[in-house]
């Protein structure tokens, strides 16, 4: 319990510190001004989401291989947290894009594949609600998670190949493409803070899932006796 | 008994079952026809517009049709619990998948080939001289749809709300197929048709990746 409290407090403090750094420490961007500061939040959430999905993918593989319940709990926790972070990304992106590009959305490779990624994992969560039996739910959702994860790079490739003929976002094309030296420490600090926060959320969600499964077990025992 | 001879025998069984009633094929063909006709109301179907939008709409219709047509491939086995018998009969469960993928690709391809002249006539699109390219694209696209779709049909067959669930799982997964096959078909039906080999390569990559994934994980999909 104490450990969880500590992790939670550290995560919240780190995110607050990262917010402070992105507003007051990082230098002002020349053309976009204050608008660019959402970048620290947006990109760190995107990276945290991708990390969560990657851990989830490993958990899915481990579940299929070892059939230990804990990998199922880890898998669903990672996907839920990943979906939450990706939702933040999909909302904070357009908030930045409207003033910067003049439009909320463009069907560029990165945006579109993030959207498809999000849809695939929403389907994963829906699939879990539609299978009653815990073992079957764990196995089938793990397998779908594996298929979904290997699909994402193919989606990215397809859209990058055919759908990005228009000049891709020039400003901030990539996190490292034009990042001024003064912005680098704040950026990586924000990424680190968001990862700690992500880990805290996954840990909380994991213990919730474990508790849920314990309750289910107790209920079944009560019904038998 | 090798994997391929097992799969061949099972493929024969799938095809015989379907051609006894032909209910899957006839409903799918009518479904695609309806979708294609309805699509014509959503834009001005002149030759130029059709060349731009037609192939995309056609592939979208195929995708929707597939997400309905793939439903029964495992549900049919549930009625008399024939799936357990199949599993006992073959040494490698991948043979069951290969047979179902083969049958689904065949049914999908038949639907597409019957719809192609109708589509070309209705939307005034010409594919003269491009038939080999179109056949190749249709085959690779349908194979990709069937590989991913058969795997997901095995998942959705074991869940509630399965009729709605399969399209939900399948359609986002097939986004790359839709993009690639549409682009290849557009270039084949354009005013100066040409073969987009990188698109064909892309479809091959998708098919190989998902076939490999199914070969690795397929047996777990059929676990009791």
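The values are calculated or read from the model by the stated rules, or taken from the named source; none is laboratory data. Being a predicted model, the structure only gives us computed values, none of them experimental. Reconstructed Cβ throughout: ideal geometry from the backbone, glycine too, with neighbour counts over all protein chains shown.
If you go through the range A:122-137 one residue at a time, do you hit one that is more than 9 Å from every other protein chain (Cβ to nearest Cβ), buried (at least 21 other Cβ atoms within 10 Å of the Cβ) and in contact with a helix residue (DSSP H, G or I) (Cβ under 9 Å, 6 or more places away or on another chain)? Within the range A:122-137 (the criterion being more than 9 Å from every other protein chain (Cβ to nearest Cβ), buried (at least 21 other Cβ atoms within 10 Å of the Cβ) and in contact with a helix residue (DSSP H, G or I) (Cβ under 9 Å, 6 or more places away or on another chain)), the answer is no, since none of the residues qualifies. The set of residues in the range B:175-187 being buried (at least 21 other Cβ atoms within 10 Å of the Cβ) and more than 9 Å from every other protein chain (Cβ to nearest Cβ) consists of B:181, B:184, B:185. Residues considered: A:34, A:25. Of these, the only one that is touching a residue at least 40 places away in the same chain (Cβ under 8 Å) and closer than 29 Å to residue A:182 by Cβ is A:25. For the range B:124-146, the condition of being at pLDDT below 95, surrounded by fewer than 21 Cβ atoms within 10 Å (Cβ to Cβ), farther than 21 Å from residue B:60 by Cβ and facing chain A (nearest Cβ under 10 Å) holds for none of the residues. Of the set (1) more than 12 Å from chain B (Cβ to nearest Cβ); (2) touching a helix residue (DSSP H, G or I) at 6+ places or on another chain (Cβ under 9 Å), all apply to residue A:98 but (2).
The set of residues in the range A:176-223 being assigned to a loop (DSSP other than H, G, I, E, B) and either within 21 Å of the chain's Cα centre (by Cα) or more than 30 Å from residue A:24 (Cβ to Cβ) (or both) consists of A:176 alone. Considering the conditions (1) at positive phi; (2) free of Cβ contacts under 8 Å to residues at least 40 places away in the same chain, residue B:131 is excluded by exactly one of them, (1).
Quick one: how many residues across the range A:7-33 are outside any helix (DSSP H, G or I) and out of contact with any helix residue (DSSP H, G or I) (no Cβ under 8 Å at 6 or more places or on another chain)?
Count: 3.
Count of the range B:46-73 residues, restricted to those that are more than 20 Å from the chain's Cα centre (by Cα) and surrounded by fewer than 18 Cβ atoms within 10 Å (Cβ to Cβ), is 6. Which one of the conditions (1) more than 7 Å from chain A (Cβ to nearest Cβ); (2) surrounded by fewer than 23 Cβ atoms within 10 Å (Cβ to Cβ); (3) under 16 Å from residue B:58 (Cβ atoms) does residue B:215 fail to meet, given that it meets all the rest? Just one mismatch for residue B:215, condition (3). Just one of the numbered conditions (1) in a helix (DSSP H, G or I); (2) within 14 Å of chain B (Cβ to nearest Cβ) is not true of residue A:107: (1).
Restricting attention to the range A:28-47, the residues that are more than 18 Å from residue A:112 (Cα to Cα) and out of contact with any strand residue (DSSP E or B) (no Cβ under 9 Å at 6 or more places or on another chain) add up to 11. Figure legend. Inter-residue proximity from the range B:25-51: first residues over 17 Å from residue B:124 (Cα atoms), second residues surrounded by fewer than 13 Cβ atoms within 10 Å (Cβ to Cβ), beta-carbon distance below 7 Å, spacing 6+ or different chains. No pairs are indicated.
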